[in-house]
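Worksheet: the structure to be examined is printed underneath.
Please treat every number below as a calculation from the coordinates, not as lab data. Everything quoted here is computed from the prediction, not taken from an experiment. All Cβ positions, even for glycine, are placed from backbone atoms using ideal geometry, and neighbour counts span all protein chains on display.
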Amino acid sequence: MNDAPPAPRATEPVAAAAPPRPSLSELFVAYALISLYGFGGVLAWSRRMMVEERRWLTPEQFNEAYALCSFLPGPNIVNFSVIFGSRVRGPLGGLVALVGLLGPPMLLIIIIGALYAHYGDLPALRRALIGVTAAAAGLIMSTVAKMALPLFRNRAVSGPVIALATFGAIGIAQWPLPIVLAVVLPISLALAWVRR
Amino acid sequence: MKDLGTLGTLAWFFALMSLFAIGGANSAVPEIHRFAVDVQHWMTDPQFSDIFGLAQLTPGPNVIVVTLIGYHVAGLAGALVATLAMCGPTCLLAFYVGRTFDRFRGASWQVALAGGLVPVTLGLTAASAVVVARAADDTWVAVGITVATALMTYWIRVNPLWIFAVAALLGLSGVV
């Protein structure tokens, strides 16, 4: 594998720094870390790893891949790992990212489950979990706020309006998800089509 | 053989459930609960909620609750079969959709699709944060933890693990 990229010719516009292409082992380690850090959901930790620490994806690229994965059946970040891994390293990359994400927590939960079966003290764990869940809610909030920045910096106002309407309908008014999606999704797609 | 029958049931059931898990594994939990407790009698209600609680306590994607259910039902083989069934088909789908998406990068249908899905997804994710907070924040201390975590992780480059450790200790001590 040739690691040194050819030097750009002077006539070529210097493209926004070519995206770094992680190796298989880097992929595995990154996804294993995401899963092991991932208390209270892995979305926040994936974004931190992919966008802020490793800089493998721009904020916009992350949002697009995450949006696509959210509308595919199956766990979002599991889908995300397959799509990102195979994008940078082919089918094997997808598999490696997937094993990195699922392997460590599978081992952990089987060990934890076995321990619990012998000497389970769930009340204590549950109390700790109450604190962690409260913190996890805050972490999701700051992650969403960071994810929304590119949308709000865009000149088009339709994006923020759609995002806020969806949030209000489900998060605040607590209307049923299928009905909200049936209304909001076609409008959002149509607006995006007109704007493209 | 009864064991093979159980593994087969785990396989088809979780493969079916994966298709319902749109927006995350947790959307399939009510149906998994109904099937595991009421239909198959694999476990009692308290056992199910303990398993769900343990999965929440374990770091990693929420989907690993399925691993523990499989383990409870049929040991290590059950854990593997349930997890593979829950993730395998949807991962294959994601692989092909991702490839198609990358092949047509820049096509106008794709720009429109991404541009339309992103704002809705952000709204949904923000709403899920509120739902989690509403469920978790029964006390003012819990609300304080949520707000402090949100502000700190937004403004400062602090590793959230430290905040989680403090929050876990606060919970353990019974202050929350």
In Å, the Kirkwood estimate of hydrodynamic radius for chain B over Cα pairs equals 19.1 Å
Chain B: relative contact order from alpha carbon pairs under 8 Å, six or more residues apart, as a whole percent, is 18 percent
Expressed as a whole number, the average count of other chain Cβ atoms within 10 Å around the Cβ atoms of B:151-162 is 4
Scoring chain A by relative contact order with C-alpha pairs under 8 Å, at least six apart, yields a percentage of 19 percent
Interchain or sequence-distant (5+) residues whose placed amide H lies within less than 5 Å of the amide H of B:Ile22 are A:Gly74
Applied in sequence order to region B:40-57, the curve 6.51 cos²θ - 1.76 cosθ + 1.60 (Karplus, θ = phi - 60°) yields integer Hz couplings, x standing for Gly and Pro, of 8, 6, 6, 7, 8, 4, x, 4, 5, 6, 5, 4, 5, x, 4, 5, 5, 6
Rg (one decimal) and Dmax (whole number) from the Cα set of chain A, in Å, equal 20.0, 69
Descending packing, highest mean Cβ count within 10 Å first, for B:133-144, A:105-116, A:129-140 is A:129-140, A:105-116, B:133-144
With A:Arg155 itself left out, Lys, Arg at +1 and Asp, Glu at -1 over residues whose Cβ is under 15 Å from its Cβ give +2
Residue-ordered couplings for region B:98-109, obtained by feeding phi - 60° into the Karplus form 6.51 cos²θ - 1.76 cosθ + 1.60 and rounding to whole Hz (Gly and Pro as x), are x, 5, 4, 4, 5, 5, 9, 3, x, 5, 5, 4
In Å³ per residue, the alpha-carbon convex hull of the protein assembly as shown encloses 153 Å³
Semi-axes a, b, c in Å (a largest) for region B:73-129, each sqrt of 5 times a Cα gyration tensor eigenvalue, come to 32, 19, 5
Sorted by chain and then number, the residues having a modelled amide H within less than 5 Å of the amide H of A:Val42, at least 5 places away or on another chain, are B:Asn62
Assertion target for B:Tyr71, A:Tyr37, ordered by fewest C-beta neighbours within 10 angstrom first, is A:Tyr37, B:Tyr71
